[in-house]
Amino acid sequence: MMDLTKVRIVLSKLASGFSSLRGSPSELWKAYSMKFLESFAYFSFSIVFTLFLSKDFGYNDIQAGIIYGAWGALVTVYGLIGGFLVDNMGVAVSLRVGFLVCLLARISIFLTSSKSMLLFQVLFVL
């Protein structure tokens, strides 16, 4: 069993790291908050994506894996393209646009019942 003093020391070190951000501009907090939400949505989506494809759209495991692999590869490609766009649009505008596009894409994936529309949204929008 872990000693309560050790737990307090670890929590104190963790809190001191966050306390250094107290004087930071509000834009930094907004950027970190949006990044946290986007990362949460990304990892949540990636965990359930193949199950979603199998159960809701009838893809077998291999087909769902291929779609998941294509999505993962395209996330990397879009990241490279997105870096160029962020440099030209600016960080604040690109965060807002990216957040809105991802939100709309995830809502549309949730609402769709067509396989072709789902594939379009996953591979080209999300």
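Numbers for the structure displayed
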item	result
List GLU38, GLU27, ordered by accessible area with a 1.4 Å probe, largest first	GLU27, GLU38
ARG96 - accessible surface, heavy atoms, 1.4 Å probe, Å² rounded to 10	150 Å²
Accessible area (Å², 1.4 Å probe, nearest 10) - MET117	90 Å²
Label-to-label distance, nm, for residues given as VAL93 and MET117 (7 Å Cα→Cβ offset)	3.1 nm
Per-residue SASA entry for ILE107, accessible area with 1.4 Å probe, Å² rounded to 10	80 Å²
For segment 58-111: rounded, prolate or oblate by the Cα gyration tensor [a/c cutoff 1.5]	oblate
Set of aspartates and glutamates with alpha-carbon distance to LYS55 below 13 Å, sequence-local pairs under 8 removed	none
Computed E for LEU85/ILE107 - FRET, C-beta separation, R0 22 angstrom, nearest 0.05	0.50
Helix-only mean residue ellipticity at 222 nm for the chain, each DSSP H run of n ≥ 4 adding -39500 (n - 2.57), per residue, nearest 500	-28500 deg cm²/dmol
Fully extended contour minus Cα-Cα distance, from SER24 to LEU74, at 0.36 nm per residue	14.6 nm
Enclosed volume per residue, in Å³, of the convex hull spanned by Cα atoms of segment 1-45	78 Å³
Candidate values [x] 8.1; [y] 6.9; [z] 11.5, label of the one derived for mean projected area of the Cα convex hull in nm²	[z]
Positive minus negative residues near SER16 (Lys, Arg vs Asp, Glu; Cβ under 13 Å)	+3
³J(HN,Hα), Karplus 6.51/-1.76/1.60, whole Hz, each residue of segment 120-125, x for Gly, Pro	4, 5, 6, 8, 10, 9
Which of ALA41, LEU118, TYR68, positive extreme of dipole for the chain (C-beta unit charges)	ALA41
Pair GLU38, ILE9: separation of 7 Å Cα→Cβ label points (nm)	3.8 nm
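The values are calculated or read from the model by the stated rules, or taken from the named source; none is laboratory data. Since this is a predicted model, take the numbers as computed values, not measurements. With ideal geometry, Cβ positions are generated from the backbone for all residues, glycine too; neighbour counts draw on all protein chains shown. Calculation scope for accessible area: heavy atoms of the full protein, side chains included, ligands and nucleic acids excluded. Shrake-Rupley method; radii C 1.70, N 1.55, O 1.52, S 1.80 Å.
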